[in-house]
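Q: Handing you this structure, nothing more for now.
The values are calculated or read from the model by the stated rules, or taken from the named source; none is laboratory data. Computed from a predicted structure; not experimentally measured. Every residue, glycine as well, gets a Cβ built from its backbone with ideal geometry; the counts of neighbours run over all protein chains shown.
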Amino acid sequence: MRAGAPGQRLAGIALVLCSVISFVALDTSTKWVSASMPLLMALFLRYLVQSLIATVTLLPLRGRTMLRTSHPRFHLVRGLLLILSSSLAFVSLSLMPVGGMLLIAASGVGAALHGARASMLAMEATEH
């Protein structure tokens, strides 16, 4: 896969940064919520609100075709993994400060960004 123009690369970097900011906001709100309600209720409400927003936004644009899939097993596995990762994040945030969790996550993001930078440099070197 070839990288896009420099403007597209900058847009990609901006999207990654927005993703990290969203992750920080989500983890902080998760910490607040996990202190005031049980884990399963918090997860249920999180995904209920997410599903309602997605349905209200996408159903008028795509109609009922958005509800059909040719690979239901993959969606089931993805859903189970999402519940597992969310549960683990909620539990970890109840056991440690948000800063510790974000430090661990940021070190992973930093490694990913470093790897992306190295990949971009390697692609630029092969283009010339």
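Q: Can you find even one residue in region 70-82 that is loosely packed, with under 10 Cβ neighbours inside 10 Å and not in a helix (DSSP H, G or I)?
A: yes
Q: Could we say that Ser51 is among the hydroxyl-bearing types (Ser, Thr, Tyr), part of a helix (DSSP H, G or I) and in contact with a Phe, Trp or Tyr (Cβ under 7 Å, 6 or more places away or on another chain) here?
A: No, not satisfied.
Q: Further question: Checking the structure you have, find out if any residue of region 85-98 is modelled with pLDDT of 85 or more and either in contact with a helix residue (DSSP H, G or I) (Cβ under 7 Å, 6 or more places away or on another chain) or surrounded by 12 or more Cβ atoms within 10 Å (Cβ to Cβ) (or both).
A: Looking for residues that are modelled with pLDDT of 85 or more and either in contact with a helix residue (DSSP H, G or I) (Cβ under 7 Å, 6 or more places away or on another chain) or surrounded by 12 or more Cβ atoms within 10 Å (Cβ to Cβ) (or both), one finds none in region 85-98, hence no.
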